[in-house]
1. Using unit Cβ charges (K, R positive; D, E negative) and no other charged atoms, how large, in debye to the nearest 20, is the dipole of the chain about its Cα centre?
2. What percentages, rounded to whole numbers, describe P(r) for the chain computed over all alpha carbon pairs with 10 Å bin width beginning at zero?
3. What angle, in degrees between 0 and 90 and rounded to the nearest 10, separates the Cα long axis of helix 15-24 from the longest principal axis of the Cα atoms of the chain?
4. Hey, with R₀ at 35 Å, roughly what FRET efficiency would Thr14 and Ser88 work out to, going by the Cβ-Cβ distance, to 0.05?
5. Please give the net charge around Ser16, taking every other residue with its beta carbon less than 14 angstrom from that of Ser16, where Lys and Arg add +1 and Asp and Glu add -1.
6. Order of Val3, Val8 from fewest to most other C-beta atoms within 10 Å?
7. Pairs of Cα atoms under 8 Å, at least six residues apart: use those to get the relative contact order of the chain, whole percent.
8. Of Val77, Val7, how do they rank once you tally other Cβ atoms within 10 Å and put the fewest first?
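Nothing in this text is a laboratory measurement; each read-out follows from the coordinates by a stated rule. Source: prediction; values computed, not measured. Backbone-built Cβ (ideal geometry, glycine too); neighbour counts: all protein chains shown.
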Amino acid sequence: MRVATRVVFKISNTFSEWSKGFDADRSNQEAAGITPIFRGVSENDPSTVMAILEAEPGVLARHMEGNPDVAATGHIVGSEEFSNWLSS
């Protein structure tokens, strides 16, 4: 069963810069079984990003844990707020 995970987090650079790094990691995301659905920046705070990703439970956490490519995008590791969403 795949779940959609909403992740809200802080970045240390611009959304455009972060997006380039996120997109460059697409092949690693796909290899891990992660499908990006949406990514966007807060209209009120340019340092806050939201991404919605779909994967099997636990896959996203394993992909992010200790992955230097995540921090290299400007993603501030440890700032995440996760919530999972199930479809019927």
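1. Details: 7 positive and 12 negative charges, 19 e Å.
With only Lys, Arg, Asp and Glu charged at Cβ, the dipole is about 100 debye.
2. Per 10 Å bin, starting at 0, the Cα pair percentages come out as 17, 55, 25, 2.
3. For 15-24 against the chain, the angle is about 40 degrees.
4. Working: r = 38 Å, r/R0 = 1.08.
About 0.40, to the nearest 0.05.
5. Numbers: positive: Lys20, Arg39; negative: Glu17, Asp23.
With Lys, Arg at +1 and Asp, Glu at -1, the net is 0.
6. Val8, Val3
7. Reported as a whole number, the value is 49 percent.
8. Least crowded to most crowded, the residues run Val77, Val7.
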